[in-house]
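Let me begin by presenting the structure, written as structure tokens, before commenting on it.
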Amino acid sequence: MKMLLGIDVGTTNCKAAVFDEMGKCLKIASRATKTHYREDGQAFYNPDEIWEIVSSNIKDAIEDYKQSISVIGITSMAETGLLIDKKSMLPKTEMIPWFDKRAMEETEFILKSSDPIDRFSKSGLRPSFKYGLPKLLWLKKQDSNITRDAVWLSASDFIAFKLTGEFGTDYSLGARTYGFRIDEKIWDVPWLNTFGLDDTLFPAAHLAGTPIGEVNNQECIDFGLSKGTPVAVSGHDHVCAALAVGAVNPDTILDSMGTAETLVGSFKERRLGEKEFKSGLSYGCHVVKDRYFWMGGNPSSGGSVEWMRSQLSDTQLSYDEMLRLLAETTEGPTGILYFPYLSGSGAPNPNPYAKAAFIGLEKNHGRKDIIKSMLEGTAYQMKLVQKSAEEIAGKEITKVVAVGGGTKNKYWMQIKADVSGCTYSIPDISESTLLGAAMAAGIGSGIYRDELEAIEKISNQFLSEIRPNEVNHSAYQAVYERDYLLMEELLRTYYKKQQS
């Protein structure tokens with residue numbers, strides 16, 4: 001039985017886990033991701049700290065499986081990245097998180113530099129501060145020579161580099177720079193050149209799971225990884241999770257619930273046009289061959305929960321206490337509308353300037369009502385994504401597979417089912433993103449023939465199904481159509497005016 005190591009560099013935690021070929025998690029290690037903040041609000045990661053966290057996780061995870069790992073797959077938060085000096089092989093910059101907004105001005109500049117639909121047809125994206133290109137332009141503004149003899153690496157690419165000494169990425173992460181053509185799977189050299197950037201600033205891109213090198217890090221060899229073990233960049237974290245639960249066909253949609261929450265679907269590669277552009281969704285290369293994914297989400301879903309836990313207690317409201325409060329609420333809508341824009345709004349109406357809001361609070365509302373309304377608001381926001389995706393697919397979405405920490409909250413899951421009208425299935429997989437990273441690497445190294453064999457071997461079992469309560473669904477649908485859509489448009493218009 002071959003062992004696969006999955007590594008995930010996440011916003012909240014970094015993890016490593018050993019799986020067997022059947023997808024069974026044999027050992028997992030996790031440590032908090034250390035995020036630093038400056039007085040001006042800029043967020044950053046220290047690359048050396050991130051590597052220390054990841055390498056410690058690897059050491060712990062493989063403790064009982066030394067020299068037994070056949071392949072390593074790495075996934076991560078998609079747009080986070082840094083520059084590495086090609087000569088010294090040391091970081092030239094800090095690691096800039098996907099959610100850091102320092103490159104807002106550069107994003108506006110990029111927006112004015114091309115036809116949005118033309119760029120979208122090539123990249124699958126609209127300009128955003130999250131992507132690598134505006135981050136690079138911001139860095140160049142601080143130091144015009146910063147990109148000389150440098151390479152831009154995503155968080156996954158960086159860990160692969162530390163393990164192998166080689167530079168490489170995959171299509172799904174390369175596309176999140178806004179400098180990659182998903183239609184041709186190449187770096188868009190003419191586009192990059194318009195900003196004074198060369199394609200040599202970016203690593204070679206491959207299909208997710210393709211080995212980019214072999215373990216050559218002496219520290220890791222000393223604590224049990226075999227020298228020469230294949231290492232692969234497995235791709236975008238949400239898309240890896242989709243692979244793990246078998247959501248690689250149009251009929252199955254993934255709801256990945258983390259700090260950010262994202263709906264992910266797939267379809268066969270085709271030219272993207274105005275219809276896809278108007279959907280407000282983003283698109284990219286799937287970790288599965290010859291497929292694209294569509295994606296839309298809320299950057300502050302689980303983030304809203306964590307924010308609320310801090311606000312409603314002198315220390316931090318425990319999850320058990322939160323569940324106890326939710327148990328005391330009545331079924332159906334609270335009458336409070338929460339708009340979860342703590343980090344701006346996501347698809348289908350992205351606006352980084354949007355702010356969160358509660359509307360409809362009364363003096364008889366208590367903590368339990370505010371907590372429930374927050375869960376309702378995140379569900380309404382995902383329904384916006386759902387409806388947009390249905391227009392693209394040309395059919396109704398009725399079934400969703402959900403993964404992530406939020407699935408442990410049964411009240412949240414029932415609210416999501418009631419608001420969306422969909423049946424939510426929760427797979428018997430504790431770490432879908434890690435498993436997806438390991439699976440992609442297993443496919444890329446030949447342990448599995450293809451994604452179908454990998455999915456068949458792992459054959460996910462579902463822990464539970466949450467079906468919508470039809471009475472509650474009707475009530476939520478009325479609130480969504482009568483109130484939520486109206487207020488969402490008013491807020492969107494307001495913040496658009498504020499922006500101008």
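The values are calculated or read from the model by the stated rules, or taken from the named source; none is laboratory data. Being a predicted model, the structure only gives us computed values, none of them experimental. Neighbour counts are summed over all protein chains in view; Cβ atoms, including those assigned to glycine, are modelled from backbone coordinates with ideal geometry.
Listing for the model above:
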| read-out | value |
| --- | --- |
| Filtered residues of segment 469-484 (kept if surrounded by 15 or more Cβ atoms within 10 Å (Cβ to Cβ) and either of a type in the set (D, E, K, R) or free of Cβ contacts under 8 Å to residues at least 40 places away in the same chain (or both)) | ASP483 |
| Helices (runs of 4 or more DSSP H) (entirely within segment 347-449) containing at least 1 residues that are at pLDDT below 95, touching an Asp or Glu at 6+ places or on another chain (Cβ under 7 Å) and surrounded by fewer than 24 Cβ atoms within 10 Å (Cβ to Cβ) | 367-393 |
| From ASP183, ASP170, ASP157, residue being within 23 Å of the chain's Cα centre (by Cα), surrounded by fewer than 19 Cβ atoms within 10 Å (Cβ to Cβ) and not aliphatic (A, V, I, L, M) | ASP183 |
| Residues (surrounded by 22 or more Cβ atoms within 10 Å (Cβ to Cβ) and either outside any loop (DSSP other than H, G, I, E, B) or of a type in the set (Val, Ile, Thr) (or both)) located in segment 70-83 | VAL71, ILE72, GLY73, ILE74, THR75, SER76, THR80, GLY81, LEU82, LEU83 |
| Residue list for segment 307-346, restricted to those being farther than 29 Å from GLU276 by Cα, among the hydroxyl-bearing types (Ser, Thr, Tyr) and either part of a loop (DSSP other than H, G, I, E, B) or at pLDDT 95 or above (or both) | SER313, THR315, SER318, THR329, THR330, THR334 |
| Filtered residues of segment 382-421 (kept if of a type in the set (Gly, Ala, Ser) and free of Cβ contacts under 8 Å to residues at least 12 places away in the same chain) | GLY394 |
| Neighbours by Cβ (under 9 Å, 6+ apart or cross-chain): first from segment 33-59, of a type in the set (Asp, Glu); second part of a helix (DSSP H, G or I) and loosely packed, with under 14 Cβ neighbours inside 10 Å | none |
| Count of segment 227-238 residues which are modelled with pLDDT of 95 or more and either assigned to a helix (DSSP H, G or I) or of a type outside the set (A, V, I, L, M) (or both) | 7 |
| Count of segment 450-500 residues which are in a helix (DSSP H, G or I), of a type in the set (Asp, Glu) and within 26 Å of the chain's Cα centre (by Cα) | 5 |
| Cβ-Cβ under 6 Å pairs, at least 6 apart or on other chains, segment 137-166 side assigned by TED's automatic domain parsing to the domain that holds ASN193 and in contact (Cβ under 8 Å) with a residue 40 or more places away in the chain, far side among the β-branched types (Val, Ile, Thr) and in a helix (DSSP H, G or I) | ILE159/VAL54 |
| Residues that are closer than 16 Å to MET3 by Cβ, of a type outside the set (Val, Ile, Thr) and touching a helix residue (DSSP H, G or I) at 6+ places or on another chain (Cβ under 9 Å), drawn from segment 43-70 | LYS59, SER70 |
| Output for segment 60-78, where each listed residue is modelled with pLDDT under 95 and within 21 Å of the chain's Cα centre (by Cα) | MET77, ALA78 |
| Residue in segment 51-68 that is surrounded by 19 or more Cβ atoms within 10 Å (Cβ to Cβ), in contact with a strand residue (DSSP E or B) (Cβ under 9 Å, 6 or more places away or on another chain) and assigned to a strand (DSSP E or B) present | no |
| Test set (1) among the hydrophobic types (A, V, I, L, M, F, W, C); (2) closer than 23 Å to THR423 by Cα; (3) touching a residue at least 60 places away in the same chain (Cβ under 8 Å) - ILE466 fails condition number | (3) |
| Test: residue in segment 243-258 that is assigned to a helix (DSSP H, G or I) and more than 30 Å from GLY394 (Cα to Cα) | no |
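One line per residue, one yes/no per condition, for (1) within 27 Å of MET257 (Cβ to Cβ); (2) modelled with pLDDT under 95; (3) surrounded by 23 or more Cβ atoms within 10 Å (Cβ to Cβ); (4) of a type in the set (Ser, Thr, Tyr):
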{"site": "SER88", "(1), (2), (3), (4)": "no, no, no, yes"}
{"site": "THR93", "(1), (2), (3), (4)": "no, no, no, yes"}
{"site": "ILE96", "(1), (2), (3), (4)": "yes, no, yes, no"}
{"site": "LYS112", "(1), (2), (3), (4)": "no, yes, no, no"}
{"site": "LEU137", "(1), (2), (3), (4)": "no, no, no, no"}
{"site": "LYS140", "(1), (2), (3), (4)": "no, no, no, no"}
{"site": "ASP143", "(1), (2), (3), (4)": "no, no, no, no"}
